[in-house]
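Written below as structure tokens is the structure these notes are about.
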Amino acid sequence: MCYRDSGIAMSTPCCSVTVTTTHWDKTYPPRYGGEIMPAAAQAIAHGRHHQRTRSRRPAARRALSVRDRINRGEIPGPTLYVAGPFIQHEPYPGTELFRWGVKGAADGKAKVKQLADAGVNIIKLIDQDQMTMEEVKAVVDEAHAHKLPVVAHAHRPEEIRRGLAAGVDCFEHTGLAAAPGYPDDILKALHERTAKMSLGPLFWCPTIEGFLNYESLVDNPEPLDDPALAAGMPTDIADDIKRSIAHPESARLLTRSHRCAARRSRTSSSNLQESGVVMLIGTDSGIPMKFHSSSTWHELDAWVNQLGVDPMDAIRAATYWPAVMMKVDKDYGSISEGKFADIIAVKGDVLRHIDLLQRVDLIIKHGKRVK
């Protein structure tokens, strides 16, 4: 299992560079559930995309359908834990399909109940600093009443403050502000929260590799010449993906906030580790030039080779701890008697060469070999 924050990546066949995100959102919604999501799931299941058999993705009703079809054995794919539309103050124009606005605490509770009744596995908050504290608390309390964990964006300090006050279970990202590190009051609050053992771990999914390596990829775009980026997609969608990355240098126009995030990522990650939060491997597939096909092993590589994280700790952050966060560790997350046999294998020692994870030689899902 790797814990994911894919933003709207499941709602878009790829990130957009010369073709804007709006293009994907307007063009492909009718094809999400029937073509795009199943193709991506099948590619993942057979090892053509990154190495895991379970993921957690923000998704709308079509992703719920794909999850259930996989679970019933109708189509191949990873075990999916899905969230419904983002809960926020107001959806951005054109994003109403996967973002829901909240108008008051009662509306927040009603929206969460609607998602819970639909069968989502997790509730996703974003821009909670633009919501009232009563709305944020209502969303979190209602989710917990339905035994659903809540994950919240952490781009801005006030998002973190409100998330902590409301009792969210996990934060995502390390922020887009230019200043390195977190304000002192947030660091103090994080230490106080993680010291409360009775509340259980506070999880954090930083999703930093896309920022750390962004400029390098723009300067050296050869890895984008990879057929895995459009594996299983219909020809017209595959062609659209190729067009979107035909001129990676143009992405520099979109990366001011990304460069800010890269500058603070190392300091912020160090802050988080020192605070006692449990760090999770996840990706931000969907940002410019960050694709599902390589995002997980790239994140692992960045943790080990750029942040100095012990390889075993990084692997546990992609396997064991996500299972704990999703409360499925009795069945998943480690190779133990009584758990599902969900296993990948590579030739070589990943504790010395973490990049071996880009070439998975064996995939077993629920005891059945799929590669």
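Structure values in brief
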| item | result |
| --- | --- |
| Residue count, the range 271-286 (criterion: outside any loop (DSSP other than H, G, I, E, B) and buried (at least 24 other Cβ atoms within 10 Å of the Cβ)) | 1 |
| Of residues in the range 347-365 being out of contact with any strand residue (DSSP E or B) (no Cβ under 7 Å at 6 or more places or on another chain), in contact (Cβ under 8 Å) with a residue 24 or more places away in the chain and surrounded by 13 or more Cβ atoms within 10 Å (Cβ to Cβ), the one farthest from L229 (Cα to Cα) | L351 |
| The range 315-346, residues that are part of a loop (DSSP other than H, G, I, E, B), surrounded by 13 or more Cβ atoms within 10 Å (Cβ to Cβ) and aliphatic (A, V, I, L, M) | M326, V328, V346 |
| Residues being part of a helix (DSSP H, G or I) and in contact (Cβ under 8 Å) with a residue 24 or more places away in the chain - total across the range 200-234 | 13 |
| Test: residue in the range 94-109 that is surrounded by fewer than 15 Cβ atoms within 10 Å (Cβ to Cβ), of a type in the set (A, V, I, L, M) and more than 18 Å from D25 (Cα to Cα) | yes |
| Cross-chain or 6+ apart pairs with Cβ under 7 Å, the range 115-132 first and without any contact (Cβ under 8 Å) to a residue 40 or more places away in the chain, then of a type in the set (A, V, I, L, M) and in a loop (DSSP other than H, G, I, E, B) | A116/L148 |
| Residues of the range 68-107 classified as within 16 Å of the chain's Cα centre (by Cα) and over 23 Å from D129 (Cβ atoms), total | 5 |
| Residue identified as modelled with pLDDT of 95 or more and surrounded by fewer than 23 Cβ atoms within 10 Å (Cβ to Cβ) among H144, H155 | H144 |
| Scan of the range 84-129 for residues that are farther than 22 Å from C170 by Cα and in contact with a strand residue (DSSP E or B) (Cβ under 9 Å, 6 or more places away or on another chain), ordered by number | Y92, T95, D107 |
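The values are calculated or read from the model by the stated rules, or taken from the named source; none is laboratory data. Just so we're clear, the structure is a prediction, and the values are computed from it rather than from any experiment. Every residue, glycine as well, gets a Cβ built from its backbone with ideal geometry; the counts of neighbours run over all protein chains shown.
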